[in-house]
Amino acid sequence: MNKKKVANKAIDCVTFIEELLSLRFDDNNTNDDGDKNKNAIMPMLYSIDLLKQVDNAKERYGYLRRRIFGDESRHFKQWIESLLGVVDFISRFDDERWLYASRAWLKLDDICQQFPRLNLTTGVVVDLAADPGSFSEYVGKHFKNVERIIAVSLHGMTRLSNCRNVQCLLCDLQNTDATTNTIISNMNEREIVSLVLADGALDSTNSDGGENDAYSTEMYNFSLIQSEICVALSLLARSKSGGDFLLKTFGVKQTPTVQAIAQCATHFRRTLPTKLLSSQ
């Protein structure tokens, strides 16, 4: 198989897996016989079909990885490696959480492609609002120099290697000191937090995308964003050299949210806002 055919096959496979991970389906998705198309893999109804699709994807990618070679195919190889990683991750879920997990994984990968210095992080990484665990899983797989990951969530999550789960309420602005102390109590004295990840948000998957929806979602998220900022600043302030704070949010339209993020930025020597390629 020549390089051009390999590249074309890579594009086909990447398109296939992107649809698998991110496409939204509606109740009108039917086949020629009038039955619901099970290839649509609606998360709630067709989880078994999803796992079959995942197995098929793994087989196709396994074949493709053996065939890819040369500098001209490097971009496709990196793309495939990333997508194959998320396929392995989401295959563990037997409910609708796979959809949200896959999106978060791909977005963090997008961020790390833009800011590769993050991959060099050492020390402790704290993942705020971690459930279902995409960010923590990604860090564990790709950040080779990290001593420990601390995953903070309200309901807890699947245990990961080199990851300590901390279960506590994060979005209570009156209680962020208690949250910070709970996180610190799960660290050794010599351990220092060098990176805080924050990806908490209201699920807006089924929203109609209208202006009212966007504003109500942002109002709901505002207290969570503020709490994430307070906890992150408290944790990073414990180190003389400071650290990095990655805050992922969306739909920022209102002044209070902008002000909170701007105020947070004053505590850092460098602030880099960006819009992800994988984001709507």
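Of all residues in segment 115-131, those satisfying the criterion of being surrounded by fewer than 24 Cβ atoms within 10 Å (Cβ to Cβ) and not basic (Lys, Arg) are Phe115, Pro116, Leu118, Asn119, Leu120, Thr121, Thr122, Gly123, Ala129, Asp131. Here Phe250 meets the list (1) assigned to a loop (DSSP other than H, G, I, E, B); (2) under 16 Å from Leu195 (Cβ atoms) almost entirely, failing just condition (2).
For segment 225-240, the condition holds for at least one residue, the condition being that it is assigned to a helix (DSSP H, G or I) and among the acidic types (Asp, Glu). Looking only at residues of segment 132-174 that are of a type in the set (Ser, Thr, Tyr) and not in a helix (DSSP H, G or I), we find that the one that is surrounded by the most Cβ atoms within 10 Å (Cβ to Cβ) is Ser153. Among the residues of segment 178-198, is there at least one that is of a type in the set (D, E, K, R), in contact (Cβ under 8 Å) with a residue 40 or more places away in the chain, assigned by TED's automatic domain parsing to the domain that holds Gln113 and not in a loop (DSSP other than H, G, I, E, B)? There is no residue in segment 178-198 that is of a type in the set (D, E, K, R), in contact (Cβ under 8 Å) with a residue 40 or more places away in the chain, assigned by TED's automatic domain parsing to the domain that holds Gln113 and not in a loop (DSSP other than H, G, I, E, B).
Against the criterion of being charged (D, E, K, R) and modelled with pLDDT of 90 or more, Glu211 does not qualify. Scanning segment 92-118 for residues that are hydrophobic (A, V, I, L, M, F, W, C) and outside any helix (DSSP H, G or I), we see that the one that is modelled with the lowest pLDDT is Phe93.
The values are calculated or read from the model by the stated rules, or taken from the named source; none is laboratory data. These numbers were taken from a predicted model, which means no experiment stands behind them. Positions of Cβ are generated from backbone atoms using ideal geometry, with glycine treated the same way; all protein chains shown enter the neighbour counts.
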